[in-house]
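Undergrad: The following block contains the structure, expressed as structure tokens.
The values are calculated or read from the model by the stated rules, or taken from the named source; none is laboratory data. Worth saying up front: this structure is predicted, and the values here are computed from it rather than measured. Note that each Cβ is placed from the backbone with ideal geometry, even for glycine, and that neighbours are counted across all protein chains shown. To get the accessible areas, we keep the full protein, side chains included, count just its heavy atoms, and leave off ligands, DNA and RNA. Shrake-Rupley method; radii C 1.70, N 1.55, O 1.52, S 1.80 Å.
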Amino acid sequence: MIFHDRADAGARLAARLRHLRGADPVVLALPRGGVPVAAAIAEALDAPLDLLLVRKIGAPGMPELAAGALVDGTPPSIVLNEEILRRLRITDAYLEAETARQRAELERRRAAYLRGRAPVPLTGRTVVVVDDGVATGATMRAALRGLAEAGAARRIVLAVPVAPPEVAEALRRLCDEAVILETPPDFQAVGLHYGRFDQTGDEEVTTLLDRAAARIAGGR
């Protein structure tokens, strides 16, 4: 399956999520590439659109090695990699300092993208988590775990166009429902499943979020 672009992928996912239209869902996008996909879903479901920001908590001296992750929320949730913490003997002091640094960056990005709008309340609602595709699944696993541990959402639904089969299976176990359109056994990269896979810019993200907020505010 080749998706024309992210909006096309979102429209195809929305067709599989029509049963949620009357369930008062909230659509959460992982920026930046997940936003155009999620925007199409949110419009089809007449649902609010918000972001789900995830910041990696890197290990000391090895920032690419995730000792944990900070997941957006009120307050943000911390998902820890206990094996890495034990193996590298990471101290509480380091963890607290790095978490504070990533929290500040999370808040900066939310302010830049949302222009000061408050997060959409998730308590008791169905939450649809969207990205433009999944490769290793590390970020999405942290996002789903953080949402589940926060306990605000009544139901968590994953919606992505494409993922490797083994990653898709692991993600299905972390949510109440998963809609994954394509799980190719020869998966190599998310972008190979799109006809157009340009980088999503900050301006496009803010425009789509502004448009969704105006739609909800106007009752359209």
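Undergrad: Averaged over all directions, how much area does the convex hull of the C-alpha atoms of region 1-102 cover when projected, in nm²? It would help to have the intermediate numbers written out before the result.
TA: Details: hull surface 34.4 nm².
Dividing the Cα hull surface by four gives the mean projection, 8.6 nm².
Undergrad: Which of rounded, prolate or oblate describes region 129-220 when judged by the alpha-carbon gyration tensor and an a/c cut-off of 1.5?
TA: Oblate.
Undergrad: Also, I was wondering about something else. Can you tell me the accessible area per residue over region 70-115, all protein chains present, probe 1.4 angstrom, in square angstrom? Before the final figure, lay out each step's value.
TA: Working: 2960 Å² over 46 residues.
Counting only protein heavy atoms, the per-residue value for region 70-115 is 64 Å².
Undergrad: With unit charges on the beta carbon (Lys/Arg positive, Asp/Glu negative), name the residue among Gln199, Ile180, Val79 whose Cα is farthest towards the positive pole of the charge dipole of the chain.
TA: So the residue furthest toward the plus end is Val79.
Undergrad: Sort out for me the Cα centre separation of region 66-141 from region 16-48, rounded to whole Å.
TA: If you average the Cα positions of each part, the centres end up 20 Å apart.
Undergrad: Let me spell out the model: positive unit charges on the Cβ of Lys and Arg, negative unit charges on the Cβ of Asp and Glu, origin at the Cα centre of the chain. What dipole size does that give, in debye rounded to 20? Intermediate values should be presented prior to the final figure.
TA: Numbers: 29 positive and 29 negative charges, 100 e Å.
The calculated dipole for the chain is roughly 480 debye.
Undergrad: A follow-up question, please. Among Arg16, Arg196, Arg86, which one moves the most in a GNM of the chain with springs linking Cα atoms closer than 10 Å?
TA: Most flexible of the set in this elastic network: Arg86.
Undergrad: Between Ala100 and Asp202, what FRET efficiency follows from the Cβ-Cβ distance if R0 is 22 Å, with the result rounded to 0.05?
TA: Working: r = 24 Å, r/R0 = 1.10.
Here the calculated transfer efficiency is 0.35.
Undergrad: Here's something else I'd like to know. Taking the Cα centre of region 15-60 as the origin and placing charges on Cβ (Lys, Arg +1; Asp, Glu -1), which of His19, Pro36, Gly58 is farthest toward the positive end of the dipole?
TA: The residue sitting most towards the positive pole is Gly58.
Undergrad: Another question about this same structure. Starting from the amide H of Val128, placed 1.01 Å from N in the peptide plane, find each other amide H under 5 Å away whose residue is 5 or more places distant or on another chain.
TA: Val26, Val27, Leu28, Val157
Undergrad: Going by average Cβ neighbours within 10 Å, how do the peptides 167-178, 47-58, 27-38 rank, with the highest at the top?
TA: Details: 167-178: 16.8, 47-58: 22.9, 27-38: 26.1.
Ranked by mean Cβ neighbours within 10 Å, highest first: 27-38, 47-58, 167-178.
Undergrad: Further, regarding this structure: Computed FRET efficiency, Cβ-Cβ of Glu107 and Asp24, R0 35 Å: what is it to the nearest 0.05? Kindly include the intermediate steps, with their values, before the conclusion.
TA: On the way: r = 27 Å, r/R0 = 0.77.
With a Förster radius of 35 Å, E is 0.85.
Undergrad: Using the alpha-carbon centroid of each, what span in Å lies between region 144-166 and region 179-209?
TA: Using only Cα atoms to place each centre, the spacing works out to 18 Å.
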